[in-house]
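Asks: Got a structure here, written out as structure tokens. Questions coming.
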Amino acid sequence: MARTWIYNGIIVQKDRVLEQASLLIDGNHIAEIREDNGGWDQDPFAEKIDAQGAYVVPGFMDLHSDHIEKVAQPRPQSLIDFDIAIREQEKQLVCQGITSMYHSLTMNGGSKTSKDLKALLRTPENYNKLVQLIRKHNSGDHIIRHRFHCRYDVTNTQGFDQLLEYIKNSDMQLLSFVDHTPGQGQYKDLEFFKNHVMGSDKTEEEKEEILRKRMNTARITAQQMEMAANLADQLGIPIASHDDDSLEKLDYVMKHLHIRICEFPITMEVAKEAHQRGLKVVVGANNVLMGRSHSNNLSALEAIREGCADILVSDYFPASLLHAVFKIYDMGLTTLPDAINMVTYNPACAVGVADHLGSLEVGKWADLLLIHRSQSMPVLGTAFVDGDKVMDIRYREKTGERYAG
């Protein structure tokens, strides 16, 4: 089995930072961590990597990202072969530090005849093709770990039986129920929905008609949601709520839907209460970078400042995780271990895989990253997944008026 020593690194564990330390990867596990930076010089058969003061952290775990949809459909009228899309996307993801991706695919029963061209990607046939390819890539040739986060749209009254099949077959590793009906959740502010979601190419009368239809769209019943949640819970599939906008809704999802994770709470009141009750509260890394919610809802920075946010997810821009982590650390909102935990240990705990992923501990799987700082910006240099070095990038240094090489 291959052995690799990483030395002269700043090793970030879940509760402390080892300023100059070494770590041994033996096969696909972490075999040793040395605070004295030793061991590597006494092992003639191991590969040696001088971290040169880089942060050594666990691989990032992204529990919520629909980025695969943008790779598979880069233009409204262009669908790329899904197999190509996944293979090309994972090359991007590993270069952004993501070693476990929970592809959050919205199951809303898209139609080939819909005027919304995005619905073409979400037809039952295409949706199922993506689900099966995610499973195939995770068990076959792959760079990172691929997981399926099923975001079931409650207005999809025709797809409920297929949802139950996905649960029974253990196709998914995370389930959430999504309701983007205007007037509640993410779009509680109807004026925001009309002015920013519908666009400016419609008259006020057309907007009101669309709003009326959207608000009266049929949904699956509460009994159906509870049936699916009960089945998922029995099979050990973690479940997340989405866009909780009131304490009453939080009470319901906790009591009836076996919720472990609270995704994107709309208000600080809900975020604080969810955190107090032991749920893992998810906020967006893009929200952190922009300093605000793109939907005028809860500020992720404020939630982190108040100590009621546990997990960062990329939502739609995977590169945001790396930069958001170091932004909240540089701002003094968290310690470095706590910032890193938001994209590693906390999500691993939320989905039940923290016994083998999410932190740098002897015996755990060797998913880890080497991150440097370049003019204060975090720069990912090397990535390991299962002990295999899957990415190694070196930036060229400027020499005089020319770049070396």
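The values are calculated or read from the model by the stated rules, or taken from the named source; none is laboratory data. Please read these numbers as outputs of a predicted model, since none were measured by experiment. Neighbour counts are summed over all protein chains in view; Cβ atoms, including those assigned to glycine, are modelled from backbone coordinates with ideal geometry. The accessibility values were calculated without ligands, DNA or RNA, using every heavy atom of the protein model including side chains. Shrake-Rupley method; radii C 1.70, N 1.55, O 1.52, S 1.80 Å.
Asks: Would you be able to tell me the number of residues in the range 59-113 that are touching a residue at least 40 places away in the same chain (Cβ under 8 Å), open to solvent by less than 50 Å² (accessible area, probe 1.4 Å), part of a helix (DSSP H, G or I) and under 29 Å from HIS372 (Cβ atoms)?
Replies: 6
Asks: Could you list, ordered by first residue, the pairs with Cβ atoms under 9 Å in which the first is in the range 224-250 and touching a residue at least 24 places away in the same chain (Cβ under 8 Å) and on the phi > 0 side of the Ramachandran plot and the second is open to solvent by less than 10 Å² (accessible area, probe 1.4 Å) and in a helix (DSSP H, G or I), at least 6 apart or interchain?
Replies: What qualifies is ASP243/GLY185.
Asks: Let me ask you something else. Is it the case that ALA309 is at pLDDT 95 or above, surrounded by 23 or more Cβ atoms within 10 Å (Cβ to Cβ) and among the hydrophobic types (A, V, I, L, M, F, W, C)?
Replies: For ALA309, the condition - at pLDDT 95 or above, surrounded by 23 or more Cβ atoms within 10 Å (Cβ to Cβ) and among the hydrophobic types (A, V, I, L, M, F, W, C) - is met.
Asks: Evaluate the following for LEU322: is it open to solvent by 20 Å² or more (accessible area, probe 1.4 Å) and modelled with pLDDT of 95 or more?
Replies: In short, no.
Asks: Shifting gears a bit: Kindly evaluate LEU360 against the criterion of being closer than 18 Å to THR4 by Cα, assigned to a loop (DSSP other than H, G, I, E, B) and not hydroxyl-bearing (Ser, Thr, Tyr).
Replies: Taking the combined requirement at face value, the residue satisfies it.
Asks: Moving on to the next point. Could you please find all residues in the range 138-171 being touching a Leu at 6+ places or on another chain (Cβ under 9 Å) and in a helix (DSSP H, G or I)?
Replies: LEU163, LEU164, TYR166, ILE167, LYS168
Asks: To continue, here is another question. Any residue at all in the range 269-284 that's small (Gly, Ala, Ser), in contact with a Ser or Thr (Cβ under 6 Å, 6 or more places away or on another chain) and outside any helix (DSSP H, G or I)?
Replies: No, that holds for no residue.
Asks: Does the range 326-339 contain any residue that is at pLDDT 95 or above and within 23 Å of GLY236 (Cα to Cα)?
Replies: So far as the range 326-339 goes, no, none of its residues is at pLDDT 95 or above and within 23 Å of GLY236 (Cα to Cα).
Asks: Restricting to the range 73-96, and then to whatever is among the polar types (S, T, N, Q) and under 19 Å from ASN128 (Cα atoms), can you tell me which residue is nearest to the chain's Cα centre (by Cα)?
Replies: Ranking the candidates gives GLN89 first.
Asks: Then there's this: For ALA21, are the conditions met, namely being under 20 Å from ASP386 (Cβ atoms) and surrounded by 13 or more Cβ atoms within 10 Å (Cβ to Cβ)?
Replies: no
Asks: When the range 34-58 is examined, which residues are found to be farther than 30 Å from VAL281 by Cβ and in a strand (DSSP E or B)?
Replies: ARG34, GLU47, LYS48, ILE49, ASP50
Asks: What are the pairs, 6+ residues apart or on separate chains, where a residue within the range 340-351 that is aromatic (Phe, Trp, Tyr) has its Cβ under 8 Å from a residue that is not in a helix (DSSP H, G or I)?
Replies: TYR345/LYS14; TYR345/PRO58; TYR345/ALA354; TYR345/GLY358; TYR345/SER359
Asks: Scan the range 56-68 and give yes if some residue there is in contact with a Ser or Thr (Cβ under 6 Å, 6 or more places away or on another chain) and more than 24 Å from LEU336 (Cβ to Cβ), otherwise no.
Replies: Yes - at least one qualifying residue is present in the range 56-68.
Asks: Anything in the range 250-270 that is out of contact with any Gly (no Cβ under 9 Å at 6 or more places or on another chain) and open to solvent by 40 Å² or more (accessible area, probe 1.4 Å)? List them, or say none.
Replies: Of everything in the range 250-270, those that are out of contact with any Gly (no Cβ under 9 Å at 6 or more places or on another chain) and open to solvent by 40 Å² or more (accessible area, probe 1.4 Å) turn out to be ASP251, TYR252, MET254, LYS255, HIS256, HIS258, THR267, MET268, GLU269.
Asks: Could you tell me which residue of the range 369-389 is most open to solvent (accessible area, probe 1.4 Å), considering only residues that are out of contact with any His (no Cβ under 7 Å at 6 or more places or on another chain) and over 20 Å from TYR7 (Cβ atoms)?
Replies: My answer is GLN375.
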